[in-house]
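Report on one structure; see the data block that follows.
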């Protein structure tokens with residue numbers, strides 16, 4: 001299954017943000033990667049460069065490849081509402097992202113692995129497709145045999161890492177969550193300027 005498997009910190013440094021979560025290596029080197037990353041003079045980026053960087057940031061943040069991202073944008077563009085906001089709602093509704101948001105995995109990469117390794121059930125059906133699009137009312141739970149996995153127990157039991165989002169409901173005792181609704185833009189914590197992405201694809 002296609003996915004980005006390259007260095008995470010290098011991408012985070014390129015965007016100047018810890019897009020994959022807290023990263024000790026990023027905290028030590030908050031400048032662009034490369035031989036001259038710390039000494040290179042900052043040049044003013046063109047509008048196109050800013051738009052492209054924002055699209056790349058969204059792609060790597062959610063772990064989506066180019067064709068998938070383009071298809072999601074076209075789908076969002078065909079819906080009523082603000083295209084950029086609808087695009088982010090579709091990204092948030094992905095199964096792997098929701099498993100991460102529910103606190104069942106420490107990162108989106110780990111959440112994707114849980115899904116592909118057949119540990120996650122949606123509405124009573126074993127689902128191993130990370131890009132599966134959830135709809136309001138869908139129930140996400142950990143497979144019975146998988147509830148004893150240490151990585152899941154550590155995430156669910158880690159009080160310091162409890163994630164609460166208004167569009168999700170989670171029962172730690174049952175290891176079961178509900179996708180209540182698509183989130184509003186102000187509820188999504190990611191620092192992404194979706195309007196720049198819309199402008200890029202509208203050229």
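The values are calculated or read from the model by the stated rules, or taken from the named source; none is laboratory data. Note that the structure is predicted; figures quoted are calculated from it, not measured. All Cβ positions, even for glycine, are placed from backbone atoms using ideal geometry, and neighbour counts span all protein chains on display.
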For residue 12, state whether it is in contact with a helix residue (DSSP H, G or I) (Cβ under 9 Å, 6 or more places away or on another chain), at pLDDT below 65 and in a helix (DSSP H, G or I). yes
Checking 122, 178, 99 in turn, the sole residue that is at pLDDT 95 or above and touching a helix residue (DSSP H, G or I) at 6+ places or on another chain (Cβ under 6 Å) turns out to be 99
Among residues of the stretch 95-108, those that are on the phi < 0 side of the Ramachandran plot and more than 9 Å from the chain's Cα centre (by Cα), counted: 6
Considering every residue within the stretch 183-202, establish whether at least one is part of a loop (DSSP other than H, G, I, E, B) and touching a strand residue (DSSP E or B) at 6+ places or on another chain (Cβ under 9 Å). yes
